[in-house]
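To start, the structure itself, in structure tokens.
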Amino acid sequence: MKKFLKIFGLLFLNLVVGLVIFGIAMNEEKPKTLSGQEAELLAENMLQALDIDAWNATNYISWQFLGGHHYVWDKASNQVEVKWGNKTVIIPSQNHMSGKAWVDGEPSDDKDLLETAWTYFCNDSFWLIAHYKVMDPGTDRSAHLFEDGSLGLMVTYKSGGTTPGDSYLWKLDDNYRPTSYKMWVQILPIGGLEATWDGWVTLSSGAQVSTI
């Protein structure tokens, strides 16, 4: 049975930047990590804790992201409708340049709209389901030992999306559910910024998303 889900008010801007007096930012180097079976097991346990099967079985999802971006993602047929302002774009999620665009309801041949819609979708869908993407093709995984003795999962996206090379260090609770992450990403000049990954809700499909 197809499920049509709506998620509103998803917030990505929940990170708190650590600044020292007079606004001098503290940059944190990527920590040492160890790849291997332990990291792979961490990732598998994380996905099972979040019911990856439920996400894979979710055929439709609709949500709104900050900045006025509206999405309807037909996962079953790999189609995404992206709306912002007076623009509507429908793109295949696997070949976005073959999509179609409209401005004020009129067809448009502007290929830049397809590229823009794809960039929006890559970014905004990542912050919707980053926790389900830790074993995506093109990712490397490694484990990190925090000072409190807990293990974290470092995920580096070596290909795919629009910013290959970005890395995220997930901190997990005792049930392998993410509680926060640190990031080393191209769009931010400061490494190691930390944000929560909390406010979990379970969708009607059984998939789980974070809202904080």
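If you filter the range 91-172 for trypsin sites (Lys or Arg not before Pro), then keep DSSP loop positions with at most 13 other Cβ within 10 Å, what is left?
Those that pass, being in a loop and sparsely packed, are LYS158.
Measure off, as a whole percent, the carbon and sulfur share of the 1.4 Å-probe accessible area of the chain, all protein chains present.
Solvent-exposed carbon and sulfur of the chain make up 54 percent of the total.
Quick one: longest stretch of the chain between exposed loop GluC sites (Glu not before Pro), exposed meaning at most 11 other C-beta atoms within 10 Å and loop per DSSP?
30-146
Calculate log10 I(q)/I(0) of the range 54-178 for q = 0.10, 0.14 Å⁻¹, where I(q) comes from the Debye formula with a single equal point scatterer on each Cα and nothing for solvent.
-0.39, -0.70
Which angle from 0 to 90°, rounded to the nearest 10, does the C-alpha axis of helix 37-49 make with the longest principal axis of the chain?
50
What number comes out for accessible area per residue over the chain if the probe is 1.4 Å? Units Å², please.
Computed with neighbouring chains in place, this is 53 Å² per residue.
Given the options VAL89, VAL201, VAL134, which has the most mean-square fluctuation in a GNM of the chain, springs set between C-alpha atoms less than 10 angstrom apart?
Highest fluctuation among the options: VAL201.
Please compute P(r) over all alpha-carbon pairs of the range 50-118, binned at 5 Å starting from zero, and give each bin as a whole-number percent.
4, 17, 25, 23, 17, 8, 4, 2, 0
Rg and Dmax in Å for the chain, alpha carbons only: what are they?
Cα-based Rg and Dmax for the chain come out at 18.1, 58 Å.
Looking only at the range 123-138, which residues have a backbone nitrogen under 16 Å from a spot 7 Å from the Cα of SER159 in the C-beta direction?
135-138, by backbone N distance to the label point.
Amide H to amide H under 5 Å from VAL209: which residues, 5+ apart in sequence or cross-chain, H placed 1.01 Å off N in plane?
VAL201, LEU203
For the chain: lysine pairs with Cα atoms under 16 Å, gap of 8 or more or different chains, count?
19
Give a residue-ordered list of calculated ³J(HN,Hα) values for the range 167-175 (Karplus: 6.51 cos²θ - 1.76 cosθ + 1.60, θ = phi - 60°; whole Hz; x for Gly, Pro).
10, 9, 10, 8, 9, 10, 7, 5, 9
7 Å from Cα along Cα→Cβ at both VAL185 and LYS30: what's the point-to-point distance in nm?
1.5
Can you give the extra length, in nm with one decimal, that the chain gains between SER204 and GLU147 once fully stretched, where that is 0.36 nm per residue apart less the Cα-Cα distance?
Extra length available between SER204 and GLU147 comes to 16.8 nm.
Would you mind computing, in nm to one decimal, how far apart the modelled labels at THR211 and SER98 are, each placed 7 Å from Cα along Cα→Cβ?
That separation, rounded to one decimal, is 3.8 nm.
Which residues among the range 33-72 fall inside the zone where the amide N is under 15 Å from a point 7 Å beyond the Cα of SER108, along Cα→Cβ?
Label zone hits: 69-70.
The values are calculated or read from the model by the stated rules, or taken from the named source; none is laboratory data. Note that this is a predicted model, so its numbers are computed, not measured. Neighbour counts are summed over all protein chains in view; Cβ atoms, including those assigned to glycine, are modelled from backbone coordinates with ideal geometry. Only protein heavy atoms, including side chains, enter the accessible area calculation; ligands, DNA and RNA are left aside. Shrake-Rupley method; radii C 1.70, N 1.55, O 1.52, S 1.80 Å.
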